[in-house]
Amino acid sequence: MEPLIAAIDQGTSSTRFLVFNAKTAELISHHQVEINQSFPKEGWVEEDPKEIMQSVYECMERTCEKLCQLNIDISNIKAVGVTNQRETTLVWDKVTGEPLYNAIVWLDLRTQSTVERLINKAPGRNKNHLKHKTGLPISTYFSAVKLRWLLDNVDEVQQAVLSERAMFGTVDSWIIWCLTGGRNGGVHCTDVSNASRTMLFNIHTLEWDPELCRYFDVPMEILPKVRSSSEIYGWMKAGSLAGVPISGCLGDQSAALVGQMCFKEGQAKNTYGTGCFLLRNTGTKPVVSEHGLLTTVAYKLGKDEPACYALEGSVAIAGAVVRWLKDNMGIVQSSSEIEKLAAAAGTSYGCYFVPAFSGLYAPYWEPSARGIICGLTQFTNRNHLAFAALEAVCFQTREILDAMNQDSGVPLTQLQVDGGMTSNRLLMQLQADILCIPVVRPTMSETSALGAAMAAGAAEGVEVWNLSPDHLPHVSSEKYDPQINSDESEFRFARWKKAVQKAMNWETTEPCCNTNGMKPQSIYFYILTTDVSRGSTNLHLEIFTMFKSKKWWNE
């Protein structure tokens, strides 16, 4: 039997464990377990770290059982890679091994007021104030502001920091620490791709940055050690795979870039999961975007290898819009049903859906945006809404691709795609139509897991997977060519952009005194209209002056 490499793929909505043939990249066996999300308050999204780990153990054991049923010896598994939902933030106690709070998921919006405060204190109120070091705008998306919230609001976290028991990490760090022994010698590490999403990491020096840590007031001693994406971090301590090295680690979008074998500068891929993430390889030099994209570390495939960078466009809500239609609205009974409904309509009939449930990410970075559905008529039905939801995913990708083409000056001629939503053939055709370029989908769409397996198998000390260009496996794919004319595509996209503008500046988190939720401007006009009518002609000027001094008035 040829050597096998396994990958843990811990995503926002599920955990998977997959086993690949190291010579052919063929998927041999896998198991998947869904993950529960909780929404304690509006805009809050959490997951249970212990449930995440339980799902990892269950997927590993069930996959090993399936391999035994196939008469495959699990001793052929030579290494394990880890890929994970990025930015999701955890703090745990290194003495007890217990999480000190739920994992705050990347989509979470509770830090919006913190972000506004940070932007207000930045020179020129510039959200890109830290971009020269981090490649990122100040946003609710990234881990530093989530960690700041935990440090400010959770007594258990504060106490653990004071007693030097606290450990911070993204999901990859939590998984690796637990699998390599946890409180009994577990390895506390992360890789460059995950570290680059925290806002605490300098993407040029490839180290935690003391100045950034001071800016967010984060104690550096709680941070994991940063390693390359392909090296042995430690060995599995329990279960069927005890003794197998963990030797690959990549954030899920970087893993998909590797799994799509986008190793050349200019190659790009788009992953359709809970969110949507388009990455373009920019080589060994970081490229700063002028059009709202992120600069991120794509991968570093070995201790002595150079880091490669990517331009990234991130969309918060892609597959999550289907889950919303199913769980919140009851419009579909299963995720697969949306394709059938949308196909029955064949058009949105002028209905446009902007699913800005967590604000808008690239290229706008506007946390105040909220979801809207517009263009409704009495004729509109759930089929049109299903079609509009799929179109929304495609329009958001188009916005990112346009920004990426402007930044690079070299337009993409085709888009490589992967992720769970790509099994929806109607979505893939819509995407080709809206982009006006071909969309290419690999037959085996689990590219994030494949990328993590490739990194693990190529690591020094494992070396059963050859990543040189002439040894890369051939992966079969299917191609979707545009089927509508560009004028129609441009018309629909222009209507979408109009809808996006209507979704902007919907929400504010600016606090006010005991006002029953009224916004400061509303209070001012209330005072103006009531007190002027009573003859208090100067009072409103005093109130206006006070509001300005408190920075409540931002018009």
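The values are calculated or read from the model by the stated rules, or taken from the named source; none is laboratory data. Because the structure is predicted, anything quoted here is derived from the model rather than measured. So basically every Cβ, Gly included, is an ideal-geometry build from the backbone, and we count neighbours across all protein chains shown. We work out accessible area using only protein heavy atoms, side chains counted, and drop any ligands, DNA or RNA first. Shrake-Rupley method; radii C 1.70, N 1.55, O 1.52, S 1.80 Å.
Numerical summary
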item: Residues located in segment 336-355, provided they are open to solvent by less than 50 Å² (accessible area, probe 1.4 Å), farther than 17 Å from A320 by Cβ and in contact with a Gly (Cβ under 9 Å, 6 or more places away or on another chain); result: S348, G350, C351, Y352
item: Among residues of segment 433-449, those that are part of a helix (DSSP H, G or I) and among the hydrophobic types (A, V, I, L, M, F, W, C), counted; result: 3
item: From the options N126, N120, N76, N71, residue that is on the phi > 0 side of the Ramachandran plot, over 20 Å from the mean Cα position of the chain (by Cα) and not hydroxyl-bearing (S, T, Y); result: N71
item: Residue in segment 309-327 that is over 21 Å from T271 (Cα atoms) and buried (at least 18 other Cβ atoms within 10 Å of the Cβ) present; result: no
item: Residues of segment 268-288 classified as more than 16 Å from the chain's Cα centre (by Cα) and either buried (at least 24 other Cβ atoms within 10 Å of the Cβ) or in a strand (DSSP E or B) (or both), total; result: 4
item: Y299 being crowded, with 22+ Cβ neighbours inside 10 Å and modelled with pLDDT of 90 or more; result: yes
item: Among residues of segment 1-24, those that are outside any strand (DSSP E or B), of a type in the set (S, T, N, Q) and either buried (at least 19 other Cβ atoms within 10 Å of the Cβ) or touching a Gly at 6+ places or on another chain (Cβ under 6 Å) (or both), counted; result: 1
item: Test for P245: is it surrounded by fewer than 16 Cβ atoms within 10 Å (Cβ to Cβ), modelled with pLDDT of 90 or more and of a type outside the set (A, V, I, L, M); result: no
item: Selection count, segment 248-267, where residues are outside any loop (DSSP other than H, G, I, E, B) and either open to solvent by 10 Å² or more (accessible area, probe 1.4 Å) or not β-branched (V, I, T) (or both); result: 11
item: Number of the exception - A452 against (1) free of Cβ contacts under 8 Å to residues at least 60 places away in the same chain; (2) of a type in the set (A, V, I, L, M, F, W, C); (3) in a helix (DSSP H, G or I); result: (1)
item: Flag if T180 is surrounded by 22 or more Cβ atoms within 10 Å (Cβ to Cβ), of a type in the set (S, T, Y) and at pLDDT 90 or above; result: no
item: Every residue from segment 347-369 that is over 24 Å from N270 (Cα atoms) and of a type outside the set (S, T, Y); result: G350, C351
item: Matching entry among A369, A343, A362 (being touching a residue at least 60 places away in the same chain (Cβ under 8 Å) and assigned to a helix (DSSP H, G or I)); result: A343
item: G239 being open to solvent by 10 Å² or more (accessible area, probe 1.4 Å), part of a loop (DSSP other than H, G, I, E, B), touching a Phe, Trp or Tyr at 6+ places or on another chain (Cβ under 7 Å) and at positive phi; result: yes
item: Looking only at segment 183-212, and only at residues there that are touching a Phe, Trp or Tyr at 6+ places or on another chain (Cβ under 7 Å) and open to solvent by 10 Å² or more (accessible area, probe 1.4 Å), the one that is farthest from L90 (Cα to Cα); result: D209
item: Residue in segment 496-512 that is more than 30 Å from W44 (Cβ to Cβ), touching a strand residue (DSSP E or B) at 6+ places or on another chain (Cβ under 7 Å) and either of a type in the set (V, I, T) or in contact (Cβ under 8 Å) with a residue 60 or more places away in the chain (or both) present; result: no
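Conditions tested, residue by residue: (1) touching a Leu at 6+ places or on another chain (Cβ under 8 Å); (2) surrounded by 23 or more Cβ atoms within 10 Å (Cβ to Cβ); (3) charged (D, E, K, R).
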| position | (1), (2), (3) |
| --- | --- |
| Q406 | no, no, no |
| G420 | no, no, no |
| L427 | yes, yes, no |
| A453 | yes, yes, no |
| S468 | no, no, no |
| H474 | no, no, no |
| I484 | no, no, no |
| D487 | no, no, yes |
